[in-house]
């Protein structure tokens, strides 16, 4: 099973070559850092002051994650997960894939794992982008010194892990929709509808029932109305487990695998 | 020994209408089995069931002597397939398409170039498969089917989209694979002319039922049996009566006399008999019902 899974992952990894998904990861990861960097270069005085403050890294984290967790990250996930899953429908290759000597479990997991590896890539590149956005003004502009505060690796990693957990229901739902529906627009449309619903649900006490809400809830100011006694991370993991199981059951019980 | 064997294979779609009605397919090992039938007869459904793409509802499927349900993976390890339209990743090159499957099959890397050369698309370089002509896509699909050095090839209408020279090349390739590498080939088509040039065995399916199954020779024999002598004379009624009086069988159809094929000396006797009785013989010919006619008869009459 392990070797078959590794082979399956390698095979799935090759399929994403030359697809828009790869570019989407890069664009999604660097969009906010590039924007932040541009603002910092346009306002060198403010940047000079920020770089001398202890809170620089907290500010950078907030500025980048604010838009990222609210909209950009969920949007990137909706798009690239749907793109990756739709490869087989688009190329009429499900029948080819299902006649390879792989169990349906291996096929299901291989694709899912590749999606998770790409999500990790997205997170890593995003954080590298934040780091670079903080340093570049000092390299380009002479009178701006390097940040005086040390980079809080542990704090950034902890926050990233929480955000990662919070985004798992989005991945699971998009994977289910992508496997289930041939029409790419169903997955994208469904994803956007759930994202909008989650943003609206931020004003509702029981907003935590919407599976796409946990990333926006990562920002403190979004937690005013939603019941604070409910752990968003546990909810996210619960949703992820249930939707993944449902997705797998629907996939293996499909009568026609072509 | 049969490479593929199905017993009482039924398949119904959700509306309950049967697509397959108790198919007993027997594909001998080493054969090129032509699976013939008009569009919608149930060919593709049968092939999809054999490959596990459709969930079996009733009956039994054995491939390489193993039941498909319990041995799907080991059977697929030795099987190559091409179902319907080409199934390839349009954004990848031919080589990259093969690499995707090479990872799964674990075949040696040199095999990829081998199958590309074998199918005549070895020099497509980095060109994306989506830019290929339909014929090239079909060849790539065959290359993919051959990548794992299969013992069994299941091909659903593999010449679709190929030009006449492509069809000939494909036929030669299949013949070579069968003769040199001893690969059993199950090939479906709705064109008998295409199958009769390459198949050793034939199965004819119509409306979900198997109408004929046997060797191509048996089908040819059927052809012989349905051949006839056709005579055109100045007085068909009198001529037919005279032939019947001599103990031979003759009937009139479409203003012509039809009689079963008889030896040359007997036909000379008939000719002499008619002319000596002042009946002019305009023509005597043999009409062979081609396999196409037999195929149509089989699918029409039962």
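On a per residue basis, the convex hull of the C-alpha atoms belonging to segment A:114-195 measures out at 128 Å³. Each residue in A:19, A:55, B:119 was given a count of other beta-carbon atoms within 10 angstrom of its own, and listing them fewest first yields A:55, A:19, B:119. May I ask you to derive the FRET efficiency for residue A:139 and residue A:104 from their Cβ-Cβ distance with R0 = 41 Å, giving the value to the nearest 0.05? The value I calculate is 0.20. Exposure proxy for A:65, A:204: other Cβ atoms within 10 Å of each Cβ, ordered fewest to most, give A:204, A:65. Please build a GNM for chain A, connecting alpha carbons under 10 Å apart, and tell me which residue among A:121, A:145, A:174 fluctuates the most. In this elastic network of chain A, the residue with the biggest mean-square fluctuation among A:121, A:145, A:174 is A:145. With a Förster radius of 45 Å applied to the C-beta separation of residue A:184 and residue B:220, the computed FRET efficiency comes to 0.30. Residues within the reach of a label modelled at residue B:66 (point 7 angstrom out along Cα to beta-carbon, backbone nitrogen below 12 Å), restricted to segment A:96-134, are A:101-102. Spread over its residues, the convex hull of the C-alpha atoms of segment B:3-43 is 66 Å³ per residue. In a Gaussian network model over chain A where Cα atoms closer than 10 Å are linked, find which of A:76, A:20, A:201 has the largest mean-square fluctuation. For chain A, modelled as a Gaussian network with Cα springs under 10 Å, the answer is A:20. Mean projection of the Cα convex hull over all viewing directions, computed for segment B:228-288: 3.6 nm². The alpha carbons of segment A:112-258 give a radius of gyration and a Dmax of 18.9, 67 Å, in that order. Equivalent-ellipsoid semi-axes for segment B:123-244 (Cα gyration tensor, √(5λ), whole Å, largest first): 42, 18, 13. Please work out, to two decimal places, the log10 of the ratio I(q)/I(0) at q = 0.13 Å⁻¹ from a Debye calculation in which every Cα of the protein assembly as shown carries one identical scatterer. Each listed q corresponds, in turn, to -1.22. When A:206, B:89, A:251 are arranged by Cβ crowding within 10 Å, least crowded first, meaning fewest neighbours, the order is A:206, A:251, B:89.
Entry for chain B at q = 0.07 Å⁻¹: log10 I(q)/I(0) = -0.38, Debye formula applied to identical alpha-carbon scatterers, no solvent contribution. For chain B, the longest principal axis of the alpha carbon atoms and the long axis of helix B:164-180 meet at an angle near 80°.
Averaged over the residues of peptide A:108-119, the number of Cβ atoms from other protein chains lying within 10 Å of each residue's Cβ is 0.
Taking label points 7 Å from Cα along the Cα-to-Cβ direction, residue A:17 and residue A:162 give a separation of 4.1 nm. Pairwise Cα distances in segment A:35-107 exceed 20 Å for 57 percent of all pairs. Overall size of segment A:2-252 from C-alpha positions, given as principal axis extents largest first: 63, 42, 32 Å. Structure remark: mean-square fluctuation, Gaussian network model of chain B, C-alpha springs under 10 Å; the largest value among B:97, B:160, B:236 belongs to B:236. For residue B:254 and residue B:73, the FRET efficiency from 1/(1 + (r/R0)^6), where r spans their Cβ atoms and R0 equals 51 Å, is about 0.30. Taken over segment B:48-163, the alpha-carbon convex hull comes to 106 cubic angstrom per residue.
Every number here is computed from the coordinates shown, using simple stated rules; none is lab data. The structure displayed is predicted, hence computed values, not measured ones. In this analysis, Cβ positions are derived from the backbone assuming ideal geometry, glycine residues included, and neighbour counts consider all displayed protein chains.
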